[in-house]
Amino acid sequence: MSLKFGIVVFPGSNCDHDSHYVAETILGQDARLIWHKESSLGDVDAVILPGGFSYGDYLRCGALARFSPIMKDVVRFAKNGGAVFGICNGFQVLVEAGLLPGVLLRNSSLKFVCKYVHLKVENSETLFTSQCQRGEVLEIPIAHGDGNYFTDLETLKRLEDRNQIVFRYCEETGAITEEANPNGSLSNIAGIINEQGNVMGMMPHPERASDPVLRHTDGRKVFNSIVESFVRQSQLS
């Protein structure tokens with residue numbers, strides 16, 4: 001049984017085909033692109049909101065995409081327990097849609113940052129990280145100008161207490177330092193999950209570190225986790 005991925009395409013998305021390639025060609029799963037003007041996700045098992053610059057990042061990153069027709073069904077799908085994964089701009093869309101807490105601000109350097117970074121896996125018990133080990137360090141690229149995660153201290157405490165911080169920027173050794181933080185994110189946060197555990201957003205691009213041809217495959221663990229979680233759930237039902 002193949003997992004059915006649906007990859008939403010907004011005007012300005014530029015990582016949609018990368019995600020489709022990983023899902024279909026690298027992982028051998030079913031995958032289809034879903035135009036933002038569609039009103040239904042159709043028969044999908046997992047939704048990916050890809051990276052890019054939806055609507056040219058006008059007004060605020062992800063703010064306009066949040067009102068695309070397809071987002072009503074994405075919200076419905078998420079609230080019914082469906083797996084939703086937002087990457088970079090997709091993460092920004094998720095916070096704008098209220099599916100994840102917090103905001104993503106301009107990088108503290110006020111510069112666009114594009115490079116490989118190290119991520120520490122803080123929670124390996126999610127459907128997006130089950131193929132990782134807690135404390136494991138992954139090397140995955142970033143490419144963003146607005147990846148500075150911020151929230152109020154009460155929400156930060158809740159994220160920490162409920163183990164909703166999935167990834168933190170770190171040194172190659174796993175040490176969480178200010179120097180390892182590429183954008184000024186609060187508490188070095190690189191990725192979070194909702195309380196229910198079915199919606200995750202992360203600024204780094206795992207789809208750009210999944211093909212062996214690129215000599216970086218740590219990102220594939222995220223996609224493998226989604227597939228394995230689906231397979232395990234199917235066997236139990």
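Across Gln196, Gln131, Gln92, mean-square fluctuation computed from a Gaussian network of the chain (C-alpha pairs under 10 Å connected) peaks at Gln196.
Cβ-to-Cβ counts within 10 Å put Met71, Met203 in ascending order as Met71, Met203, the fewest first. Under 12 Å from a label point set 7 Å out along the Cα-to-Cβ vector of Leu59, the amide N atoms of the range 76-96 belong to 96.
The range 167-237 and the range 1-56 have Cα centres spaced 18 Å apart. Pairs on different chains or at least eight residues apart, Cα atoms closer than 26 Å: how many lysine pairs in the chain fit? Final tally of qualifying lysine pairs is 12.
Report the local net charge at Glu24: Lys and Arg +1, Asp and Glu -1, summed over other residues whose C-beta lies under 13 Å from its C-beta.
Net charge in that neighbourhood comes out at -3.
For the chain, the 222 nm mean residue ellipticity estimated from helices alone, with every DSSP H stretch of n ≥ 4 adding -39500 (n - 2.57) and the total spread over all residues, rounds to -6500 deg cm²/dmol. A simple spin-label model places pseudo-atoms 7 Å from Cα toward Cβ; at Ser187 and Ser2 they are separated by 4.0 nm.
Using 0.36 nm per residue and subtracting the Cα-Cα separation, the extra length available between Asp152 and Phe67 on full extension is 28.1 nm. Taking Asn80, Asn194, Asn89 in turn, the Gaussian network model of the chain (Cα-Cα springs below 10 Å) assigns the largest fluctuation to Asn80.
For the pair Lys111 and Val213, a Förster radius of 41 Å applied to the C-beta separation gives a FRET efficiency near 0.90, rounded to the nearest 0.05. Among Arg106, Arg208, a tally of other beta-carbon atoms within 10 Å of each Cβ gives an order, fewest to most, of Arg106, Arg208.
For the chain, the Cα gyration tensor yields ellipsoid semi-axes of 24, 21, 18 Å (square root of five times each eigenvalue, largest first, whole Å).
What is the local net charge at Gly219, summed over the other residues whose Cβ is closer than 11 Å to its Cβ (Lys, Arg +1; Asp, Glu -1)? Taking every Cβ under 11 Å from that of Gly219, the sum is -2. Shown in residue order for the range 140-148 are the 3J(HN,Hα) couplings computed by the Karplus curve 6.51 cos²θ - 1.76 cosθ + 1.60 at θ = phi - 60°: 9, x, 10, 7, 7, x, 10, x, 7 Hz (x for Gly and Pro). Calculated FRET efficiency, Val103 to Asn14, Cβ-Cβ distance, R0 = 22 Å: about 0.50 to the nearest 0.05. Look at the dipole of the chain built from charges on Cβ: of His216, Ala23, Tyr116, the Cα furthest out on the positive end belongs to Ala23.
The ranking of Ser109, Ser130, Ser210 from fewest to most other beta carbons within 10 Å of each one's beta carbon is Ser109, Ser130, Ser210.
Coordinate-derived values only; no laboratory data. Quick caveat, the model's predicted, so the values are computed rather than measured. Here Cβ is always computed from backbone atoms with ideal geometry, including for glycine, and neighbour counts include all displayed protein chains.
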